[in-house]
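Visitor: Please see the structure below; I have some questions.
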Amino acid sequence: MKLLKGLLRNRVLWTAFSLSALYWIIAPHFPSSAVLEITNGVLSVVGIAVFVSYSPGIITRMAQTDKVDRVLQLSMGIALSWSVTSILRLWGLMWRKTGQPEWMQTNYLTGYFAFLIICAGVLHITAPGAIDGVVPKRNWIIVGIALGCGIGLAVYSADINFEGFVRMLEPYISVDAVEGRGLFRYSLLFS
């Protein structure tokens with residue numbers, strides 16, 4: 001109960017919920033393609049700003065010592081994940097604006113970007129000093145399980161036809177659904 005009370009009083013959580021609600025109130029009034037372009041543009045710039053903000057500290061710390069401490073490793077993971085996220089969002093924008101050529105989605109560079117995000121996640125999970133100055137064994141187990149599940153998912157999904165699943169999702173997330181012409185057409189939010 002104490003945990004729940006603490007969460008209910010948390011300003012960061014309430015701010016996040018309020019901003020999410022604001023998005024869902026405003027977004028349906030604009031074409032989904034415009035919303036996607038705006039949010040991807042802002043996301044790209046924020047990612048670059050995170051990278052620029054963290055890089056001087058990372059470079060300075062790496063020049064001072066050859067040891068990687070918790071703060072440095074977390075900072076490296078943050079800078080890496082945000083910079084690659086920015087690159088992927090910009091890549092996606094170019095992909096959409098050039099007629100969605102398949103080669104832009106099925107190439108080694110796109111795979112490398114995904115690999116870098118994996119590396120950033122591993123940097124976060126294995127940051128030394130997370131508990132008592134060491135990487136907890138539990139975190140290494142999580143890395144192993146995540147890698148195993150990821151490889152399993154890749155192997156399993158290679159033979160899956162996702163069309164049925166995507167069609168099942170469409171009434172819930174399509175532009176028609178969000179704009180009130182589909183499943184949510186009787187919602188008070190869109191009336």
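The values are calculated or read from the model by the stated rules, or taken from the named source; none is laboratory data. Source: prediction; values computed, not measured. Counting neighbours? That spans all protein chains shown, and the Cβs are built from the backbone with ideal geometry, glycine included.
Visitor: Filter segment 65-84 for residues that are more than 18 Å from THR126 (Cα to Cα) and modelled with pLDDT under 90 and give the result.
Guide: Hit for segment 65-84 is THR65, nothing else.
For (1) in a helix (DSSP H, G or I); (2) farther than 30 Å from LYS67 by Cα; (3) in contact (Cβ under 8 Å) with a residue 12 or more places away in the chain, each residue gets a yes or a no:
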site: TRP91; (1), (2), (3): yes, yes, yes
site: GLY111; (1), (2), (3): yes, no, no
site: PHE115; (1), (2), (3): yes, no, no
site: PRO128; (1), (2), (3): no, no, yes
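Visitor: Mind listing whichever residues of segment 59-83 are within 30 Å of TRP95 (Cβ to Cβ) and not hydroxyl-bearing (Ser, Thr, Tyr)?
Guide: If the condition is that a residue be within 30 Å of TRP95 (Cβ to Cβ) and not hydroxyl-bearing (Ser, Thr, Tyr), then MET76, GLY77, ILE78, ALA79, LEU80, TRP82 are the ones that fit.
Visitor: Let me ask something else about it. What single numbered condition from (1) assigned to a helix (DSSP H, G or I); (2) without any contact (Cβ under 8 Å) to a residue 12 or more places away in the chain; (3) under 30 Å from GLU37 (Cβ atoms) fails to hold for ILE87?
Guide: Result: ILE87 passes all but (2).
Visitor: Give segment 23-41 a look and list any residue that's in contact with a helix residue (DSSP H, G or I) (Cβ under 6 Å, 6 or more places away or on another chain) and under 11 Å from LEU93 (Cβ atoms), or say none.
Guide: Across segment 23-41, the qualifying residue is only ASN40.
Visitor: Please specify each residue of segment 60-84 satisfying the condition of being among the polar types (S, T, N, Q) and outside any helix (DSSP H, G or I).
Guide: Selection gives THR65 alone.
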